[in-house]
Structure formats: structure tokens, C-alpha cells
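K.L.:
Please read through the structure below; I'll follow up with questions.
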Amino acid sequence: MSDLYSAAIAIELSIRPAQVSATAQLLAEGGTVPFIARYRKEATGSLDEVQITSVRDRLTQLAELDARRSAILKSLDERKLLTEDLQSKINTALTMSTLEDIYQPYRPKRRTRAMIAKEKGLEPLADLLFSQLPATNPDLEAAKYLTPEGSSVADDLKIPDTASALQGARDILAERISDHADTRAKIRHLFLTQGTLKSEVIAGKEAEAAKFKDYFNWSEPLRTAPSHRLLAIRRGAAEGFLFFSIQPLPEDAIAILESEFVKSDNPSSDQVRLAVKDSYKRLLSLSMETEARLASKQKADAEAIQVFTSNLRQLLLASPLGQKRILAIDPGFRTGCKIVALDPQGQLLENTVIYPDQGASKTQEATETLKHLITKHDIQAIAIGNGTAGRETESFVRKLLQSPPTAVGGSPLSTIPIVMVNESGASIYSASDVAREEFPDHDLTVRGAISIGRRLLDPLAELVKLDPKSIGVGQYQHDVDQDSLKKSLDDTVTSCVNAVGVNLNTASKQLLTYVAGLNPALAQNIISHRNTHGPFTSRQQLLAVPRLGEKTFEQAAGFLRIPSAENPLDSSAVHPETYPLVNQMAQDLNVTIKSLISDESLRKQINKQRYITPTVGLPTLTDILAELAKPGLDPRQTFQPFSFTDGVTEISHLKPGMKLPGLITNVTAFGAFVDIGVHQDGLIHISQLSDRFVKDPSEIVKVQQQVEVTILEVDLPRKRIALTLKKGPTPTQQKPAQPRTTPVASTPRPNTQPTPKPQPKRPAPAVGGWFTDALKDAKRK
């Protein structure tokens with residue numbers, strides 16, 4: 001990587017060029033982001049995953065820039081257009097927009113009006129007019145280019161009068177102005193910073209476009225338009241209901257062009273002034289609006305993807321219940337409730353179906369079946385899907401556990417926690433190849449119930465089997481660039497998996513696939529080796545797995561855990577490459593590693609300075625000692641109980657002023673959705689998140705956060721619930737009902753998001769990529 005690139009990336013990310021170069025080198029050598037962030041802090045200067053990912057992505061962009069640069073140079077050279085000065089400008093361009101602006105005058109075009117004028121021989125006239133000399137008489141000069149009577153010139157190349165000659169000269173000037181690199185940068189900057197986003201309903205489609213009625217006559221500055229609003233307008237346009245435009249004031253654009261190209265006040269200058277107006281109206285305004293549409297879309301995509309990945313991270317890192325015996329129920333009315341019993345590792349023990357709402361005999365049968373399964377398998381927790389019939393099933397199970405107080409394992413049934421679990425994506429999993437491979441002898445309904453139960457045991461281990469887009473925590477995820485979305489979501493899942501660590505002897509193929517350095521083929525090889533040779537007893541045995549070499553071992557080993565290993569370091573995040581260092585610490589204190597782990601006083605005797613080497617510095621030594629204090633500690637929070645309001649199970653039960661406990665299920669740019677236990681999430685608009693101004697909802701709330709909300713408004717026909725977190729007076733003060741105790745759900749409910757109402761104008765956060773490059777180009781000019 002060139003020093004120029006290192007310096008440019010360093011400035012963009014506010015880090016040192018040496019950090020950029022070191023990170024680039026590690027990435028080029030096959031290093032993964034989690035590995036570099038965790039085990040190569042000395043080399044990178046302790047860059048975190050976000051910074052390393054930004055360096056990686058910027059390097060990818062620069063590689064694309066270099067590829068485009070090479071293609072342009074080749075094209076110019078083949079057409080004998082490449083000069084030393086032009087080559088120098090192309091080689092020093094640092095953004096794609098700068099490069100394309102330099103190339104614009106030389107780009108192969110279809111036959112334009114300017115080309116036709118040049119074919120007519122009018123370029124000298126255009127040059128003369130552009131010089132804007134006071135003595136020049138445009139009409140007299142144009143008359144010199146008229147086609148003589150009886151000429152054999154083709155009809156489309158004839159110049160019949162002076163007006164045609166002047167028009168042709170202006171066409172040449174208009175294209176020359178439009179192709180001018182500095183001019184394009186200035187007009188682009190005007191569009192991006194002063195452009196106005198306007199949307200209107202297409203005539204005759206008002207009724208069909210009712211869901212977009214907020215944007216029938218909408219106008220706001222492009223630079224302050226939030227991502228969700230821009231994406232909503234674009235969706236309306238894509239569905240054929242809206243028309244939208246992005247334009248600055250025309251007079252502002254023309255003023256910029258005139259200041260650049262109109263240098264005098266004479267008849268020739270008047271011709272140039274006409275060419276400027278034509279250039280903007282016919283050429284520049286169209287191309288710059290296209291670029292502004294693209295830039296704003298990429299900016300909105302980046303913001304929406306950031307919202308999605310932030311929510312996904314919170315969801316994946318949700319508190320696990322841990323290894324418990326689970327009874328999982330996938331509720332249903334007509335088709336019954338599908339029930340599975342799972343062991344602490346999530347393996348299926350038994351399955352059946354009950355029909356608690358289909359008559360007294362069926363209810364009694366369902367009661368006896370549940371009691372039998374709970375007693376037989378010594379159930380420790382019950383997971384109930386939050387879909388159709390979820391609250392009704394929960395009520396049935398709760399009554400069953402409370403009466404009679406039959407004991408299980410010495411404890412009354414009423415002590416068994418009941419957890420409402422989000423079943424979003426469970427049906428997708430149940431029909432997937434992964435589910436068929438895991439449970440080939442069971443149908444979709446059984447697989448779905450198993451997924452619900454496993455989400456309670458360990459949300460991360462189960463959710464990695466799903467396409468993240470199906471989990472239901474995104475914002476306009478189907479409208480953004482799908483490649484960028486997939487890349488960001490994969491990065492997030494990988495980050496979460498490696499942050500938690502993976503049990504080498506119990507992890508599924510899907511979970512192993514996200515471990516740094518591994519891929520689906522290697523994950524399958526690990527499982528096959530495990531099935532053939534039994535559980536791994538040391539990390540070193542990984543090298544016996546087919547096709548898992550030293551480099552892969554280096555990347556993956558630190559994130560794989562063996563809880564029962566003979567070497568206690570194999571159950572920690574200490575990397576095998578530093579085992580000798582830890583052994584030396586223990587030897588210097590004349591103790592075992594187990595003693596070093598269990599005795600804090602021994603660890604306090606370690607002088608980190610003694611163990612610094614050319615490759616191991618204080619950051620790594622600090623991490624090692626922290627890991628020895630709590631080896632293999634799960635970074636996720638402890639599972640916490642949660643209380644819904646008893647008796648409030650339907651949207652019709654809600655009244656303005658009621659205060660209810662809720663669970664944040666989705667955070668968007670315009671607010672947050674909350675599960676309050678009525679089958680429909682309510683919305684806390686961004687303006688209702690706090691008594692103070694809120695720029696970013698994620699500053700106030702997170703997915704899985706427990707909150708107490710107040711009902712502002714209930715729209716029964718549209719099934720919309722408006723909520724607030726503000727502490728001020730509410731429409732109607734009402735004493736809340738007594739809550740019931742229910743453990744927190746392991747995943748939030750999916751939500752069909754309504755088109756949000758326009759908010760007060762809020763500045764959009766800066767993002768990288770095309771939009772930022774465009775602004776930098778314009779400012780540089």
C-alpha cells in the first residue's frame with residue numbers, strides 16, 4: 001500500500017499512518033478482523049474492530065479505485081489521448097468522483113450536439129466567443145461559417161444562417177462547461193449541501209398511495225433528510241406512487257457557472273452566458289441530480305444498515321438462560337400447540353401436540369400432558385412463542401402451574417419460569433436445509449418449536465442459523481443495497497460469535513462457520529473429526545482436522561473453548577501462542593497455572609514489565625492477566641426477569657395514560673418499538689424518547705432494554721400504538737395494574753413497520769463512502 005493511501009486513510013479515520021500500514025499488512029497476510037483486534041494490539045496500536053473494519057473497507061474501495069484508474073489509463077492510451085499532465089492528474093486522484101470528473105471530457109459518448117457542431121467546423125467560432133474579446137461581433141463572425149449556396153455538404157452538416165452557427169458554437173461551449181472537472185465538483189457540492197428533496201403524488205394514484213400520504217407534497221433540504229424518510233420516498237417512487245426530485249435553486253447554480261466562465265460584459269459574453277444556462281439546464285442539472293440521488297441513497301443505506309447492525313448486535317448478545325431443561329411451545333389455535341422437551345444442550349427428548357382451547361375434554365387432556373412432560377423431564381423453564389395464540393397459551397400454562405402446587409425436583413410448579421420468546425424466523429429455520437439436516441425425521445412444526453426453545457437457552461447459537469434479515473430488527477432492510485447489508489450483517493455476527501467464544505465440542509456447524517479463520521467446509525471437518533474421534537481434549541488437536549493448517553489455527557484457536565480440557569488455558573481466551581509466556585509466569589512464582597488462575601494474590605505478584613518481548617507488549621499482557629482472572633467468561637449479561645402487566649393482553653385493553661412495562665424490540669432512526677404484551681408493538685417516536693432533544697434513538701434505548709412506557713394514543717383500525725418515555729404529564733393518569741413476574745424474552749417480536757410520519761429536521765450523521773467522497777471533492781475544489 002502506498003504512503004499516499006496510508007496517509008489518506010489515517011486522516012479519514014483519525015489514526016496514525018503506521019497503524020494503517022500495519023493493519024493493511026496483517027489483512028494482506030490473511031488476518032481476520034476479530035483476530036487482529038484481539039491478538040495483534042501491539043502491531044496496530046490497539047485499534048478496535050470498528051477501526052480495523054474501516055481500514056479493510058477503505059482498502060477495498062481503493063483497490064476498486066485503482067482498477068478503474070488502470071482501465072481509464074488504458075482507454076486513453078489506446079485512443080492516443082494520454083498526456084503526461086493528464087496521467088499525473090489521474091494517478092493522484094484519491095476518490096472515484098475525482099477520477100471520473102478528470103475523465104469526463106475524454107469519455108466516449110454518443111453523438112452529441114457539440115460533436116455535430118464540431119463536425120460542422122464551428123469549434124474555432126466557439127473558441128473565439130469563449131475568449132470574450134470586446135471587439136468581437138458574434139453575428140459577423142458567425143456569418144463566416146455559413147454554408148454556400150449549392151454546396152455538396154450533407155444536409156445535417158449545413159449551416160443555413162448565423163443563428164444556427166451561434167447555436168452550434170454554444171452547444172460546444174455548453175458541453176465544455178459541463179465536462180469541466182472543477183465546475184462539476186462545485187455544482188455537485190451545491191446539490192449535496194443546498195439541494196432540496198421534493199416529493200409529490202402521481203396524479204390519479206392518491207387512493208392507492210394512502211400509506212405514502214405524508215409525502216404527497218413534501219419538501220426538505222437533502223442534507224438534513226433522515227435515512228428512513230429518504231428510503232420511504234424512494235420506496236413510494238419505486239412502487240409507482242410518488243415522484244421525487246433533488247434540485248438546488250437554479251439561480252444559485254447558474255451564478256456559480258457565470259462566475260467561472262463569464263469574464264466580461266460584451267456581445268461575446270452574452271453568448272457565453274446563454275451557453276452557461278443551457279449547460280446547466282440540459283446537461284449539468286440532470287447528471288448532478290443523478291449523482292445526488294445515488295449519493296443520498298448510499299448515505300441513507302449506510303445509516304439504515306448501521307441501525308440494523310446495532311440492533312442485531314444487541315439481539316445476538318442477549319442474555320442466555322443457560323443450560324436448563326426446557327419445555328418449548330409453539331402456540332396455535334386450530335392446529336394446536338406444538339410441544340417439545342429439550343435437554344440442557346438443546347437436544348430433542350420428546351414432542352407432542354395439545355389443543356387447550358378446543359373443548360373441555362381437550363383442555364383436560366392438554367393439562368395432563370403438560371404435567372406429565374414437566375414431571376417426566378424435570379423441566380426447569382418453559383418457552384412460549386410470541387405469535388398467534390401466544391398470550392392465550394401463556395395464560396393457560398400459568399394457571400396450570402399455579403394449581404395444584406405439584407412438586408418437581410422438590411420445588412412447586414409455580415416456580416418454573418415462563419418465557420415469551422420471539423418466534424420471528426422460526427418458520428424459515430424449520431423449512432431450511434439446516435433444520436432438515438439436524439432433524440430429518442421431524443416435520444416443520446417440531447423444528448419450529450425446537451428453535452423457540454433453543455433461543456431461550458442460547459440466542460446467539462440459534463440465531464446464527466438464520467438469515468439476519470428474517471429476524472425483524474431492521475429498518476427498510478429490503479430497500480438498501482443488499483450486498484452492503486449482507487457484508488455488514490456478516491461482520492456483526494462474526495464479531496458477536498468471537499466476542500462470546502465457541503465451545504469446540506458442542507458448537508453447530510453454523511456457529512463454527514463464524515469463528516475467525518473458519519468457513520463452512522472447515523466447520524464441517526471439525527464436526528466430522530469430533531464425531532469420529534470423540535470430543536477435543538486440547539486445542540492442539542485442531543491441527544489434526546483435515547485442511548486446518550497453521551494459519552487457520554492461528555486465527556481460530558483463541559476463540560474456541562474446551563471447558564473440560566486438561567490445560568485450563570484451553571477454556572480461556574488466552575491464545576496458544578502465548579501459552580509459553582503464561583507457563584513462564586507460573587514457573588517464576590513456582591506454582592501451577594491452575595493456582596495462578598484461582599489465586600488473585602499470585603496474579604498480583606506478576607510484574608508485566610518482565611515479560612515484554614518484541615511481539616508481546618503491555619496490551620497483550622494486560623489481556624492475559626484479565627483472562628486469567630475470569631477464564632472463558634461469557635461477556636453477555638446475566639438473564640434478568642421481566643414483568644408484563646397482568647390482564648393487558650389485547651390492543652383493545654389499552655387506554656391513553658396507562659403506564660406499562662415493556663421490552664424494546666427494535667430501534668430505528670425515527671424511534672423505538674416496544675413489546676407491551678398485546679400482540680402488536682407500540683412506537684415511541686424519537687420526539688417522545690426523552691424530555692431533552694434526542695438526535696439518535698440508540699443513545700437512549702437498546703434492543704432488549706426494559707422500559708416503562710405511557711400510552712399516548714391507540715389507533716384500533718390501523719392497530720397503531722403511540723407510546724412515550726417522557727416523565728411529564730400524560731393525557732390520562734391511570735393507576736397501573738399489578739404486574740406478573742415473567743423472565744425476559746430471549747428475542748424481540750418482529751414488526752411490520754408503518755411508514756413513519758415526518759419528523760422535525762435533524763442533521764444526519766456523517767458516513768463514509770461515495771457521499772463523503774463527493775463532499776470532500778467539492779470542498780477540495
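The values are calculated or read from the model by the stated rules, or taken from the named source; none is laboratory data. Bear in mind the structure is a predicted one, so any value in this text is a computation, not a measurement. Neighbour counts are summed over all protein chains in view; Cβ atoms, including those assigned to glycine, are modelled from backbone coordinates with ideal geometry. Side chains are part of the model used for accessible areas, which takes the heavy atoms of the whole protein and leaves out ligands, DNA and RNA. Shrake-Rupley method; radii C 1.70, N 1.55, O 1.52, S 1.80 Å.
K.L.:
Restricting attention to segment 94-133, report how many residues are in a loop (DSSP other than H, G, I, E, B), modelled with pLDDT under 95 and open to solvent by 40 Å² or more (accessible area, probe 1.4 Å).
P.N.:
6
K.L.:
So, one more: Can you run down the residue pairs with Cβ atoms below 6 Å, 6 or more apart or on separate chains, where the first is in segment 253-269 and of a type in the set (S, T, N, Q) and modelled with pLDDT of 95 or more and the partner is open to solvent by 40 Å² or more (accessible area, probe 1.4 Å) and not in a helix (DSSP H, G or I)?
P.N.:
Every condition considered, the pairs that remain are N266/P134.
K.L.:
For S164, all conditions in the list (1) out of contact with any strand residue (DSSP E or B) (no Cβ under 8 Å at 6 or more places or on another chain); (2) without any contact (Cβ under 8 Å) to a residue 60 or more places away in the chain; (3) open to solvent by less than 60 Å² (accessible area, probe 1.4 Å); (4) more than 28 Å from I116 (Cβ to Cβ) hold save one; what is the number of the exception?
P.N.:
(4)
K.L.:
Right, here's the next one. Out of the residues in segment 193-222 that are in contact with a Pro (Cβ under 9 Å, 6 or more places away or on another chain) and at pLDDT below 95, which is nearest to F670 (Cα to Cα)?
P.N.:
Checking each candidate, the answer is D214.
K.L.:
Then there is this: Looking only at segment 13-50, which residues are part of a helix (DSSP H, G or I) and in contact with a Lys or Arg (Cβ under 7 Å, 6 or more places away or on another chain)?
P.N.:
Residues satisfying the conditions are L26, L27, V33.
K.L.:
In addition: Residue check: is S245 hydroxyl-bearing (S, T, Y), in a helix (DSSP H, G or I) and in contact (Cβ under 8 Å) with a residue 24 or more places away in the chain?
P.N.:
No: the conditions fail for S245.
K.L.:
Which condition breaks for V353 when tested against (1) within 21 Å of E423 (Cα to Cα); (2) in a loop (DSSP other than H, G, I, E, B)?
P.N.:
(2)
K.L.:
What pairs can you find where one residue is in segment 686-710 and over 22 Å from A304 (Cα atoms) and open to solvent by less than 50 Å² (accessible area, probe 1.4 Å), the other is in a loop (DSSP other than H, G, I, E, B) and hydroxyl-bearing (S, T, Y), and their Cβ atoms are less than 7 Å apart, with a gap of 6+ or different chains?
P.N.:
T710/T730
K.L.:
When you check Q87 against the structure, is it open to solvent by less than 60 Å² (accessible area, probe 1.4 Å) and either closer than 28 Å to K186 by Cβ or outside any helix (DSSP H, G or I) (or both), yes or no? Break it down into steps so the answer makes sense when it comes.
P.N.:
Details: open to solvent by less than 60 Å² (accessible area, probe 1.4 Å): no; either closer than 28 Å to K186 by Cβ or outside any helix (DSSP H, G or I) (or both): yes.
Considered against the rule, which asks whether it is open to solvent by less than 60 Å² (accessible area, probe 1.4 Å) and either closer than 28 Å to K186 by Cβ or outside any helix (DSSP H, G or I) (or both), Q87 comes out as no.
K.L.:
Filter segment 523-544 down to the residues that are under 34 Å from the mean Cα position of the chain (by Cα) and of a type in the set (A, V, I, L, M), then identify the one that is surrounded by the fewest Cβ atoms within 10 Å (Cβ to Cβ).
P.N.:
I527
K.L.:
Which ones in segment 183-222 are in a helix (DSSP H, G or I), polar (S, T, N, Q) and surrounded by 18 or more Cβ atoms within 10 Å (Cβ to Cβ)?
P.N.:
Just the residues of segment 183-222 that are in a helix (DSSP H, G or I), to begin with: 183-194, 210-215, 222.
Those left that are additionally polar (S, T, N, Q): 183, 193-194.
Passing the criteria: only T183.
K.L.:
May I pose another question? Please verify whether segment 497-506 includes one or more residues that are in a helix (DSSP H, G or I), surrounded by fewer than 19 Cβ atoms within 10 Å (Cβ to Cβ) and free of Cβ contacts under 8 Å to residues at least 60 places away in the same chain.
P.N.:
No, the conditions are met nowhere in segment 497-506.
K.L.:
Can you tell which of T578, T552, T620 is hydroxyl-bearing (S, T, Y), assigned to a helix (DSSP H, G or I), touching a residue at least 60 places away in the same chain (Cβ under 8 Å) and open to solvent by less than 30 Å² (accessible area, probe 1.4 Å)?
P.N.:
T620
K.L.:
Taking segment 440-491 on its own, how many of its residues are among the aliphatic types (A, V, I, L, M), within 27 Å of I36 (Cβ to Cβ) and more than 12 Å from the chain's Cα centre (by Cα)?
P.N.:
Residues that pass the stated criteria total 4.
K.L.:
Name the helices (runs of 4 or more DSSP H) wholly within segment 381-477 that hold at least 3 residues that are open to solvent by 10 Å² or more (accessible area, probe 1.4 Å) and under 16 Å from K371 (Cβ atoms)?
P.N.:
390-402
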